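Readers should treat all values here as calculations from the given coordinates under stated rules, not as data from a laboratory. Bear in mind the structure is a predicted one, so any value in this text is a computation, not a measurement. Methodologically, a virtual Cβ is constructed for each residue, glycine included, from the backbone with ideal geometry; neighbour enumeration extends over all protein chains shown.
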Amino acid sequence: MDHEPPFQETYKNLLHLPCDHEPKDENVFMVEECDLPMIDLSRLDLERGKCMKEIARAAREWGFFQVVNHGVSKEVLSSLKYEQMKVFRLPFKKKMEDGFLNLSAKSYRWGNSKATSLKQVPWSEAFHFSISDISRMNGYKSLRSAIEAFTMVVSGLAQSLAEILVQILGIESTYFRQNCPPNMSYLRMNRYPPCPFAPEVFGLMPHTDSSFLTILHQDQVGGLQFMKDGKWFRVKPNPEALIVNIGDLFQALSNDVFKSIKHKVVSSGDVERFSVAYFYCPSAEAVIQSCTKPALYKQFSFKEYQQQTQKDVQDTGDKVGLSRFLL
């Protein structure tokens, strides 16, 4: 199929390494399924205080939670899924073209050119771009319309949830309106092809998100896992819910009250998976400072955090994250 990235050809040397060469994830077959905390956002109208406390508890104890009655219609989600599938079905060479979708060449990503083991190869492809780039998708009108309809609602949802969480911390809710203009956030459309080497190869390697919040819509295939108390848990797909997780920036801002949790996507041997993630981010110059004393993290800008992350990935093949900014 001409739309598939050439995973097997590109990583043939890694695929033929002896089995004992690869580090084993002893927990890969010992994963429990769990129901994440479920927040019905319609309760914010009649039971606002109680609902806010439930959101804060989930952010503090889990770092992940689900929301229903979130305002993103089934029609919007179905349209985005359809357009997402169409663009991933385009020929691989087309997707690799400079300026494809009128975006930068780096917006299309697949695999990991620096991988030295299978555990460093994400068996997935993605379009990752800034919200400010969407207006340039002139040649793909239906895709652009579907993305705009989704981001218009989910950006407001992200801001509302962030403002609820900072109120719990005692921070002025205007912080996000001042530091997170809508065009500074990012969208990532993901496709996880069937992987003949599952489950030894990740769909997406374990990581935390470099955002304030991430809002995820996934299909019903499953594969998302997160770590809690040193164990991996499977997230049971819910067609009515969006998944929300705390990012690194909120952990630093909250001085570790809210947790940015490590998560991953496991690959499937016989079915493809689609998801789309909205990363709620500030402007490059926005300052992240712990809200209480003694502060655990030094003050830093989002630009500094991005630069450090990029350097660590280039130097080590992995993101180091918040530990770089500990006092």
Worksheet item: With charges only on Cβ, +1 for K and R and -1 for D and E, what is the dipole size of the chain about its Cα centre, in debye, rounded to 20?
Response: 480 debye
Fill in: Normalised contact order of the chain, rounded percent, pairs of Cα under 8 Å and 6 or more residues apart
20 percent
Worksheet, complete the sentence: Expressed in angstrom and rounded, the centroid-to-centroid distance over alpha carbons for the stretch 227-241 and the stretch 129-167 is 25 Å
Worksheet entry | Inter-site label distance for Leu15 and Val153 at 7 Å from Cα along Cβ, in nm | 4.0 nm
Worksheet, complete the sentence: Sorted on mean Cβ neighbours within 10 Å (highest first), peptides 58-64, 111-117, 80-86 come out as 58-64, 80-86, 111-117
Fill in: Expected 222 nm ellipticity per residue - DSSP helices of 4 or more, -39500 (n - 2.57), all of the chain, to 500
-9000 deg cm²/dmol
Worksheet item: Normalised by the number of residues in the stretch 283-327, what is the relative contact order in percent for Cα pairs under 8 Å and 6+ residues apart?
Response: 35 percent
Fill in: Contour excess over end-to-end distance, with Cα ends at Met85 and His207 and 0.36 nm allotted per residue
41.4 nm
Fill in: Separation in nanometres of the label points that stand 7 Å from Cα toward Cβ, at Lys231 and Gln307
4.3 nm
Worksheet, complete the sentence: Sorted on mean Cβ neighbours within 10 Å (highest first), peptides 241-253, 260-272 come out as 241-253, 260-272
Item to complete: Starting from the stretch 147-186, pick out the chymotrypsin sites (Phe, Trp or Tyr not before Pro) whose DSSP state is loop and whose Cβ has at most 10 other Cβ atoms within 10 Å.
Response: none
Fill in: Packing rank of 306-317, 132-143, 192-203, where each peptide gets the mean count of other beta carbons within 10 Å, highest leading
192-203, 132-143, 306-317
Discussion item. Compute the helix-to-body angle for 302-316: its Cα long axis versus the longest principal axis of the chain, expressed 0 to 90° and rounded to tens.
Written reply: 30 degrees
